[in-house]
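Undergrad: Quick one: structure below, then a few questions.
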Amino acid sequence: MTISPATVRPVRAADRPTLERLWLMFRHDMAEFQGGLPNPDATYHSDRLRSALEDDDWAAYLFTSGDRPVGFSFVRALSGPARVLNSFFVVRGARRSGIGMEVVREVISRHPGPWKVAFQDSNAAAVAFWRRVATEVAGEAWTEERLPVPNRPDVPPDAWISFTTA
């Protein structure tokens, strides 16, 4: 199946069921790097999903290719000193097609200024992707540091990339 160019749009109320299903896929993928089992009802914690849909200082975006959902992103701290790309997900069937770079550039362009993005060093694909994103959007003007995960002394620190866009 050919992946057509992606569309990025703010999440609408009618998108909630789609976003909830994509969230399960995202959390399942992240469990490989962050640990954790699903809840007894086979869901994962969804505090970030709830915040992205209900908090005015967050923005939630749905990515589609034609009429098919291919991912989402959540941006928080819209009124803060730096936007934080809190969650970013592309379904496996669309990965390595260029859609990830296409949609992240669009999301970042909607909120110019300072950015911070966290990922896990053990997720080799994320490491390569986020370093490439930072270089494409900020040239050599980006930094990377390791910071402990709040309330999670049992997991390795997250890697954080920081950059600024115009």
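The values are calculated or read from the model by the stated rules, or taken from the named source; none is laboratory data. Computed from a predicted structure; not experimentally measured. As a convention, Cβ positions derive from the backbone with ideal geometry for all residues, glycine included, and neighbour counts pool all protein chains shown. Each accessible area value is taken on the protein alone, full model and side chains, heavy atoms only, with ligands, DNA and RNA left out. Shrake-Rupley method; radii C 1.70, N 1.55, O 1.52, S 1.80 Å.
Undergrad: If the Cβ limit is 9 Å and pairs must be 6+ apart or interchain, which residue in region 94-121 that is in contact (Cβ under 8 Å) with a residue 60 or more places away in the chain pairs with which residue that is part of a helix (DSSP H, G or I) and open to solvent by 10 Å² or more (accessible area, probe 1.4 Å)?
TA: Between residues of region 94-121 that are in contact (Cβ under 8 Å) with a residue 60 or more places away in the chain and residues that are part of a helix (DSSP H, G or I) and open to solvent by 10 Å² or more (accessible area, probe 1.4 Å), the close pairs are ALA94/GLY100; GLN120/MET30; GLN120/PHE33; GLN120/GLN34; GLN120/ALA126; GLN120/VAL127.
Undergrad: With the requirement that a residue be under 20 Å from MET25 (Cα atoms) and either aromatic (Phe, Trp, Tyr) or in a helix (DSSP H, G or I) (or both), what does region 110-129 give you?
TA: Hits for region 110-129 are PHE119, ALA124, ALA125, ALA126, VAL127, PHE129.
Undergrad: How do the pairs read when you match residues in region 52-72 that are without any contact (Cβ under 8 Å) to a residue 60 or more places away in the chain with residues anywhere that are in a strand (DSSP E or B) and basic (Lys, Arg), using Cβ under 7 Å and keeping only pairs 6 or more apart or on different chains?
TA: Going by the 7 Å Cβ cut-off, the qualifying pairs are ASP57/ARG76; TRP58/ARG76; TYR61/ARG9; LEU62/ARG9.
Undergrad: Then there is this: Confirm whether ARG146 is over 19 Å from ASP29 (Cβ atoms) and part of a strand (DSSP E or B). Don't jump to the end; show me each part of the working.
TA: Values: over 19 Å from ASP29 (Cβ atoms): yes; part of a strand (DSSP E or B): yes.
Criteria met by ARG146.
Undergrad: Sticking with this one: So GLU140 fits all but one of (1) among the charged types (D, E, K, R); (2) under 13 Å from the mean Cα position of the chain (by Cα); (3) not in a helix (DSSP H, G or I); what number is the exception?
TA: (2)
Undergrad: Can you find, within region 146-166, the residue that is surrounded by the most Cβ atoms within 10 Å (Cβ to Cβ) among those that are of a type outside the set (S, T, N, Q) and over 17 Å from SER122 (Cβ atoms)?
TA: Of the residues in region 146-166, the ones of a type outside the set (S, T, N, Q) are 146-150, 152-161, 163, 166.
Next, from what is left, pick out any that are over 17 Å from SER122 (Cβ atoms): 150, 163, 166.
Values: PRO150: 7, PHE163: 22, ALA166: 7.
Residue satisfying both the conditions and the ranking: PHE163.
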